[in-house]
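Here's the structure we're looking at; comments come further down.
The values are calculated or read from the model by the stated rules, or taken from the named source; none is laboratory data. Every value quoted in this text rests on a predicted model; they were computed, and no experiment measured them. Please note: Cβ atoms are built from the backbone with ideal geometry, for glycine as well, and neighbour counts cover all protein chains shown.
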Amino acid sequence: MQNNELDLANNPEAKEYTTLNLGPTHPATHGIFQNILTMDGEIIVNAEQTVGYIHRAFEKIAEHRPYYQVTPLTDRLNYCSSPINNMGWHMTVEKLLGVQTPKRVDYLRVIIMELARIADHLVCNSVVGVDIGALTGFTYVFQLRERIYDIFESVCGARLTTNIGRIGGLERDFSNETVKLIKEFLVEFPKVFGEFSNLLERNRIFIDRTVGAGPISAERALNYGFTGPNLRATGVDYDVRVMNPYCSYQDFDFTIPIGKQGDTFDRFMVRQQEMLESLKIIKQAFENLPEGKHFAEVPEFFLPPKEEVYNNMEALIWHFKIVMGEADVPKGEVYHSVEGGNGELGFYLVSDGSRSAYRLHFRRPCFIYYQAYPEMIKGSTISDAIVAMSSMNVIAGELDA
Amino acid sequence: MADINNGYLLQQLQGRFEADIISADEPYGMLTIEFNKNKIVELLSYLYDHNQLQMQFLTDVCGIHYPDNAGKELGVIYHLHSLQNNLRLRIKCFMPNDAPEIDTVSSVFASANWQERETFDFYGIHFTGHPDLRRILNVDEMDYFPLRKEYPLEDQTRTDKDDTYFGR
């Protein structure tokens, strides 16, 4: 076995270790990950990870598709918060094209992205509860996630893999139904969230199980390329929304919650606080929603409304050109990152001026930080390893691209 | 103290690695340099330890393939980030198709480990000194490097699909 650093004081040959396969399909790993654990009794001595079980060659596919057809691929990265991925991709292309989106687009996007972040964190945090035996919170907050999916559905027609928005804006403005759903959500969320917090945050059993489980220091976390809530739990306040504001995030007043010890409990608490911050952002965006169009003037990328396509020659031409992938794209290379559900989601796009990307690389946060997992669980028990993994929010779709 | 921006960064790099910087550019506001691949570890360590630049975060490592650039077909692209100064740097190192080798930077950044494995997996670039250079996302038995441009997206002999108009 590689990387087997046995720092035992006594002779390692004198011990017999047990090899345990955790995964690939284990109910407690929430996705297809394999960990081959070397166990000394109940203590994990080493872990060897195998990833790639659901690799779908997105980067290769993206080199052969027009830009707008890449959006559905990004859905399937971190599928717990697909709208963030979709919009991150749209903003990358807009950056390449030099498109300035109207304020209204930014605000509408912020509302949807923050709703997606809440959905993402709700899943992650409630699953941390499930893995230590608190199933109630999970079933309860999933009703809220359902509300969020209803909002997505009323905006774009889809729930999980949303394919929401287009290059240049959103496919349609918020309808009255959407506004009503968001208002209901804003009232309902704090109540349900409060009960969920009461259930776990000060729960003695929960604290005993999570404090000190799977810790990592700030220094190691940075060296391992941690981003997102996992990095902030170690005490580093790096948030892409604040450091490199995109999509008018500079307009909103919110704080970056940080932890201290980088253990499971801190990761859980950072996510809890972030949900409240997201709620603050949604309220601000919703109250100060600017008037204007829900798309930028990029007719070569933004599909015209269907009724115009039938009745207007110009719209028909644009529609045809977009669908056939005839639009001109400037040559160049651009890196754009957004704060995804679990960290800095980056898109490195190299364009050679043709209809599809010459090279598109996704900086997938959990692919990068998951490699620290063996280091985090060495010396702990399996039950700690399980809860540490679910608190890291490793999403198989994003890990394997 | 001088402003820490792209100009300062480039000036520092030219002061130290004058001969190794092949070209420098600034597309979309990010300083991009093409660098001598033999000195990549030295460069990254220098940037890591520089007491003003403090480029201590490796955002991304990925490969790229330009089949028409003779002698520089394969490339590795590093994105560095200085969280203290909020300054990013993109470094490109190119190498020929028949000797795709570059030193590993996993001794400087632990996060490079899997990202280099991924680059090896898809482009066949060998990272000298890497602790565990195996395929990561593709199956171990695979005998080619799928993101190289010579490999088509799907089997071109398929007859059950006719997508002539969509350019596949």
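Residue check, residue B:13 against (1) within 14 Å of chain A (Cβ to nearest Cβ); (2) assigned to a helix (DSSP H, G or I); (3) among the aliphatic types (A, V, I, L, M), all met but one. Which one?
Among (1) within 14 Å of chain A (Cβ to nearest Cβ); (2) assigned to a helix (DSSP H, G or I); (3) among the aliphatic types (A, V, I, L, M), the lone unmet condition for residue B:13 is (1).
Can you confirm whether residue A:272 is polar (S, T, N, Q), crowded, with 19+ Cβ neighbours inside 10 Å and modelled with pLDDT of 90 or more?
yes
For region A:252-283, enumerate the residues that are of a type outside the set (A, V, I, L, M) and out of contact with any helix residue (DSSP H, G or I) (no Cβ under 8 Å at 6 or more places or on another chain).
A:261, A:266, A:273, A:277, A:280
Kindly indicate whether residue A:155 is within 23 Å of residue A:93 (Cβ to Cβ), assigned to a helix (DSSP H, G or I) and modelled with pLDDT of 90 or more. Even if it seems obvious, please write down each step before you answer.
Working: within 23 Å of residue A:93 (Cβ to Cβ): yes; assigned to a helix (DSSP H, G or I): yes; modelled with pLDDT of 90 or more: yes.
Against the criterion (within 23 Å of residue A:93 (Cβ to Cβ), assigned to a helix (DSSP H, G or I) and modelled with pLDDT of 90 or more), residue A:155 qualifies.
Which residues, taken from region A:73-110, are among the hydrophobic types (A, V, I, L, M, F, W, C), buried (at least 24 other Cβ atoms within 10 Å of the Cβ) and part of a helix (DSSP H, G or I)?
A:84, A:87, A:89, A:93, A:96, A:105, A:108, A:110 - these are the residues of region A:73-110 that are among the hydrophobic types (A, V, I, L, M, F, W, C), buried (at least 24 other Cβ atoms within 10 Å of the Cβ) and part of a helix (DSSP H, G or I).
Evaluate the following for residue B:140: is it over 16 Å from the mean Cα position of the chain (by Cα), modelled with pLDDT of 85 or more, closer than 19 Å to residue A:400 by Cα and not hydrophobic (A, V, I, L, M, F, W, C)?
Judged against the criteria, residue B:140 is a match.
What are the pairs with Cβ atoms under 9 angstrom where one residue, in region A:78-102, is at positive phi and within 14 Å of chain B (Cβ to nearest Cβ) and the other, located anywhere, is surrounded by fewer than 24 Cβ atoms within 10 Å (Cβ to Cβ) and not in a helix (DSSP H, G or I)? Sequence gap at least six, or different chains.
Qualifying pairs under 9 Å: A:98/A:330.
Grab the strands (runs of 3 or more DSSP E) fully contained in region B:81-161, keeping just those with 1 or more residues being of a type in the set (A, V, I, L, M, F, W, C) and within 16 Å of residue A:361 (Cα to Cα).
B:87-95
Any residue that is closer than 15 Å to residue A:86 by Cβ, touching a residue at least 60 places away in the same chain (Cβ under 8 Å) and outside any loop (DSSP other than H, G, I, E, B) - is there at least one of those in region A:128-151?
Checked region A:128-151: no residue is closer than 15 Å to residue A:86 by Cβ, touching a residue at least 60 places away in the same chain (Cβ under 8 Å) and outside any loop (DSSP other than H, G, I, E, B).
For region A:261-301, which positions are closer than 14 Å to residue A:174 by Cα, touching a Phe, Trp or Tyr at 6+ places or on another chain (Cβ under 9 Å) and part of a loop (DSSP other than H, G, I, E, B)?
Across region A:261-301, the qualifying residues are A:289, A:290, A:294.
Would you check if there is a residue in region B:53-66 being within 14 Å of chain A (Cβ to nearest Cβ), under 23 Å from residue A:221 (Cβ atoms), in a strand (DSSP E or B) and touching a Cys at 6+ places or on another chain (Cβ under 9 Å)?
no
Whether any residue in region A:115-122 is more than 30 Å from residue A:375 (Cβ to Cβ), modelled with pLDDT of 90 or more, within 14 Å of chain B (Cβ to nearest Cβ) and under 20 Å from the mean Cα position of the chain (by Cα) is what I want to check.
There is no residue in region A:115-122 that is more than 30 Å from residue A:375 (Cβ to Cβ), modelled with pLDDT of 90 or more, within 14 Å of chain B (Cβ to nearest Cβ) and under 20 Å from the mean Cα position of the chain (by Cα).
If you go through region A:1-18, how many residues are closer than 23 Å to residue B:133 by Cβ and either at pLDDT 60 or above or in contact with a helix residue (DSSP H, G or I) (Cβ under 8 Å, 6 or more places away or on another chain) (or both)?
Looking only at region A:1-18, we keep the residues that are closer than 23 Å to residue B:133 by Cβ, and these are A:1-6.
Now drop any that are not either at pLDDT 60 or above or in contact with a helix residue (DSSP H, G or I) (Cβ under 8 Å, 6 or more places away or on another chain) (or both), which leaves A:3, A:6.
Summing the residues that are closer than 23 Å to residue B:133 by Cβ and either at pLDDT 60 or above or in contact with a helix residue (DSSP H, G or I) (Cβ under 8 Å, 6 or more places away or on another chain) (or both) in region A:1-18 gives 2.
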